[in-house]
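Written below as structure tokens is the structure these notes are about.
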Amino acid sequence: MATTVDAGTRQAAGGQKRRSRGRSARRPNWLAGAAGWLWLLIVIVPIYWIVITSFKTQSNYFQTNPLAPPTEPTLDNYKLVIESHFARYFINSVVITLGAVVPAVLVSFMAAYAIVRAGDWWILRGVNSLFLMGLAIPLQAAVIPVYLIVIRLHLYDTLLAIILPSIAFAIPLAVLVLSNFIRDVPKELFDSMRVDGATEWGTLWHLAFPLTRPALVTVSIYSGLAIWNGFLLPLILIQSPNQRPLPLALWAFQGEFSINVPAVLACVVLTTLPILALYAIGRRQLLSGLTAGFSK
């Protein structure tokens, strides 16, 4: 009888503790909520200002409240941007982005597979350390060496002068993400492929490639976003207007004594639209690739 009473007492105490934990878990975190809304406001206000200003005329921009919506919205700024060789700048940016992202992702994928499958081979461990060292070198610190190399190769003022350094700077992070993702693939799958007679090359493309597709999409979108918005390399390595990508296209709206701010912001909006479309297409793959590769 005493044992039954003690068991009932312990059960009641356990239920009370669970109820108290449930009440504490349901307690709202007002500080985190306020910080979230504050951060949302900080992000939304500049975007709102960019969009509404792109529909204002240059005279209304200086006469009205910057955060007030336009009284007479106009599309003249977008028309001016499109007529100012926007298509040429857009094609240059597409060529630079695709020309850098595709080789960088392919090389990074094969390098990450070799690093993971090599095991204790000291040469590939050294190569992995070399890739990780690349993450510690900022682009700003390597601009002068890159400029001198491009001059020596006679590539100055060409799209290839931007593509080659962009590939080099995109590889280290891509190798890090892809190698962590490939490590999560069960070793038994690789062993079964080897038993079935598959070569390393066949295992690479028929097993590792399909299983790491979310990570490949992740590094492609991340690298493409960085290269698409890159400003420093085009500023240093491009001179002629015909070779300018979109970030340098903003110079077309800079006069001798003033800047057409609404036209510049209209160009910013048009430049952002492809990135938003790319994110909408690969959003699920991007999120899964960011989380699944670091589960261990």
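The values are calculated or read from the model by the stated rules, or taken from the named source; none is laboratory data. What you see is a predicted model; the values in this text were computed from it and never measured. All Cβ positions, glycine included, derive from the backbone under ideal geometry; neighbour counts span all protein chains shown. The area values use the complete protein model at the heavy-atom level, side chains included, leaving out ligands, DNA and RNA. Shrake-Rupley method; radii C 1.70, N 1.55, O 1.52, S 1.80 Å.
Values for this structure:
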| quantity | calculated |
| --- | --- |
| Out of Ala141, Ala87, Ala111, sole residue that is among the hydrophobic types (A, V, I, L, M, F, W, C), under 30 Å from Phe190 (Cα atoms) and part of a helix (DSSP H, G or I) | Ala111 |
| Some residue of the range 167-183 being under 22 Å from Gly230 (Cα atoms), assigned to a helix (DSSP H, G or I), of a type outside the set (S, T, N, Q) and open to solvent by 70 Å² or more (accessible area, probe 1.4 Å) | yes |
| Residue check, Ser84 open to solvent by less than 50 Å² (accessible area, probe 1.4 Å), within 29 Å of Asn242 (Cβ to Cβ) and modelled with pLDDT of 90 or more | no |
| Among residues of the range 188-213, those that are part of a helix (DSSP H, G or I) and open to solvent by less than 30 Å² (accessible area, probe 1.4 Å), counted | 6 |
| So Val94, is it assigned to a helix (DSSP H, G or I), modelled with pLDDT of 85 or more and open to solvent by less than 40 Å² (accessible area, probe 1.4 Å) | no |
| Residue among Leu132, Leu153, Leu173 that alone is out of contact with any Ser or Thr (no Cβ under 7 Å at 6 or more places or on another chain), more than 20 Å from Tyr113 (Cβ to Cβ) and not β-branched (Val, Ile, Thr) | Leu153 |
| From Leu148, Leu139, residue being among the hydrophobic types (A, V, I, L, M, F, W, C) and open to solvent by 80 Å² or more (accessible area, probe 1.4 Å) | Leu148 |
| Matching entry among Thr291, Thr272 (being part of a helix (DSSP H, G or I), open to solvent by 50 Å² or more (accessible area, probe 1.4 Å) and modelled with pLDDT under 85) | Thr291 |
| Residue tally, condition surrounded by fewer than 12 Cβ atoms within 10 Å (Cβ to Cβ) and under 24 Å from the mean Cα position of the chain (by Cα), over the range 123-136 | 4 |
| Cross-chain or 6+ apart pairs with Cβ under 7 Å, the range 154-165 first and in a helix (DSSP H, G or I), then small (Gly, Ala, Ser) | Ile163/Gly99; Ile163/Ala100 |
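Conditions tested, residue by residue: (1) touching a helix residue (DSSP H, G or I) at 6+ places or on another chain (Cβ under 6 Å); (2) at pLDDT below 90.
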residue	(1), (2)
Arg21	no, yes
Ala25	no, yes
Trp30	no, yes
Leu38	no, no
Ile50	yes, no
Pro73	no, yes
